1. Could you list, in sequence order, the residues of segment 138-157 that are under 19 Å from D29 (Cα atoms), assigned to a strand (DSSP E or B) and out of contact with any Asp or Glu (no Cβ under 7 Å at 6 or more places or on another chain)?
2. I need a count of the residues in segment 112-135 that are crowded, with 17+ Cβ neighbours inside 10 Å, within 10 Å of G10 (Cβ to Cβ) and among the β-branched types (V, I, T).
3. Could you list all residues from segment 30-40 that are under 16 Å from A105 (Cα atoms) and touching a residue at least 40 places away in the same chain (Cβ under 8 Å)?
4. Would you pick out the residues in segment 15-34 that are in a helix (DSSP H, G or I) and within 14 Å of the chain's Cα centre (by Cα)?
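Here, each number is a calculation from the coordinates, and none is a lab measurement. Computed from a prediction, not measured in an experiment: that's the story for all the values here. Ideal geometry is used to build each Cβ from the backbone, glycine not excepted, and the neighbour counts take in all protein chains shown.
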Amino acid sequence: MAVYATLVIGSDGSTSKNGSSRDIASGADRSEFLARRREVDFILIGGQTARCEPYHRTPVPVVIASRSMINSLADNRNAYWWNSSPLEALERGIKKFGSNVLVEAGASIILELISARVLDGIFLSVTPHTGGDEKIDYQELLANFSEIKVREFEDTQFIEAKTLK
């Protein structure tokens, strides 16, 4: 089983700007993000991510864990809107689609999955963008992992962290 999360972050810790991560992403981040999602059995997101980000077409099934049953992805035949917690949706998705999972949710769901000790790792992309919303301390997030690899490409720092402490 490989359950990895992915999150783009501005250099000031912003995880969104104007309600979406698009305004803090970089071209390099976008390329890696799209390549990564083609290699998984399914994508797990939360309801807020489904409402704010472009998930109307996905290369693999996308599972939305949300207590709100307002399905904003009704036009995506690969979307599964489940009234459940993120952990329950993860377990159900693994049974239905397979164990290679990419969590593209916000920081609160990622932190919940870290607390439940079900994440194998996280891919962070730190871009030079600033002035956004929903700020987090990504160093604090990384402190949960024992193996950390960092590389830079163009204007983006890519961090892969794995093995929860």
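1. Residues satisfying the conditions are I148, V150, R151, E152, F153, Q157.
2. 2
3. F33, R36, R37, V40, listed by residue number.
4. So the first thing to find is which residues in segment 15-34 are in a helix (DSSP H, G or I), and the list is 27-34.
Selection gives D29, R30, E32, F33, L34.
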